[in-house]
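The values are calculated or read from the model by the stated rules, or taken from the named source; none is laboratory data. Just so it is clear, the model here is predicted, and its values are computed rather than measured. Neighbour counts run over all protein chains shown; Cβ positions are idealised from the backbone, glycine included. Quick note on the areas: whole protein, heavy atoms, side chains included, nothing else; ligands and nucleic acids left out. Shrake-Rupley method; radii C 1.70, N 1.55, O 1.52, S 1.80 Å.
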Amino acid sequence: MSELREQRRERLVEVYQEASLCTKCPLAETRTNVVFGSGNADAELMFVGEAPGAEEDRQGLPFVGRAGSLLTEMLEEIGMTRGQVWITNVLRCRPPGNRDPQPIEIESCQPYTNRQVELIEPRVIATLGNFATKLLTGSRVGISRVRGTPQLREVAGRTVFLMPLFHPAAALRTPSLVDILREDFSKLQDLLERPVSEAALGSPAAELAGSAEARADQLDLFG
């Protein structure tokens with residue numbers, strides 16, 4: 001491992017340790033575990049979901065319930081494993097009753113999302129569902145209008161391909177969305193092979209975004 005990669009990994013562990021003691025919002029009072037994120041600390045593909053559920057809160061790991069099983073299945077269908085990607089959420093503590101994230105909670109947790117992007121340095125970020133998509137695109141346009149259309153975005157100071165996807169939990173509730181999610185997942189490998197530049201999609205970042213809007217121990221898993 002290069003010295004630079006080692007330094008990034010060490011700093012990621014420091015951010016995890018900081019997050020594990022976080023009391024910036026009221027969710028600190030009701031959580032069982034902080035669900036920081038897990039996967040490959042040098043991943044080119046990062047997934048950002050909404051918030052931990054009951055099983056994630058219990059285990060301290062993201063996407064380990066039924067939605068996580070579907071995410072794993074979709075990854076395998078495009079020839080990838082969870083060990084090759086990084087998985088996290090907009091929130092790192094479970095909202096009571098799995099209610100929607102509140103603005104103060106999103107704001108309090110956003111620095112942890114940004115630091116993960118800075119330190120892992122992904123080339124592609126797949127946002128799962130409305131909350132992650134709206135946060136990282138900075139747009140109010142809902143997931144149904146932008147899903148499956150890659151965008152060039154600057155996230156935490158990095159230019160990345162951002163791919164909005166339906167949340168796997170939504171696909172479990174509405175089976176007709178499974179095939180749509182599968183179709184959109186199939187585009188991820190192609191994005192990973194493209195250079196991240198404004199010319200890559202034949203359109204400047206601002207224009208591309210505008211057209212889209214118009215339509216276990218976590219440290220052991222820092223592989």
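Computed over the alpha carbons of the chain, Rg followed by Dmax gives 16.3, 48 Å. Here the simple spin-label model places points 7 Å from the Cα toward Cβ, and for K24 and E193 these points are separated by 3.8 nm. Applying both filters, DSSP loop and at most 11 other Cβ atoms within 10 Å, to the trypsin sites (Lys or Arg not before Pro) of segment 85-144 gives R99, R140. Among E154, E56, the order of accessible area from largest down is E154, E56, computed with a 1.4 Å probe on protein heavy atoms. The modelled label-to-label distance between R145 and E14, using points 7 Å beyond Cα along the C-beta direction, is 4.1 nm.
Rounded, prolate or oblate: pick one for segment 1-72, where a ≥ b ≥ c are the square roots of the eigenvalues of its C-alpha gyration tensor, a/c under 1.5 means rounded, and failing that, prolate if a/b is larger than b/c, else oblate.
Values: a/c = 2.79, a/b = 1.28, b/c = 2.17.
Oblate, because a/c is 1.5 or more while a/b does not exceed b/c.
Using C-alpha pairs under 8 Å with a sequence gap of at least 6, the mean separation divided by the residue count of segment 61-143 gives a relative contact order of 20 percent. Across E18, E3, E55, the residue with the most accessible area heads the list, and the full order at a 1.4 Å probe is E3, E18, E55. If both residues of a DSSP beta bridge must be in the chain, then about 35% of such bridges are antiparallel. Within the accessible surface of the chain, defined with a 1.4 Å probe on protein heavy atoms only, the carbon and sulfur portion equals 48 percent.
By the Kirkwood approach, averaging reciprocal distances over each pair of separate Cα atoms, segment 3-119 gets a hydrodynamic radius of 14.5 Å. Modelled spin-label separation between S69 and S186, with each label point placed 7 Å from Cα along the Cα-to-Cβ direction: 2.5 nm.
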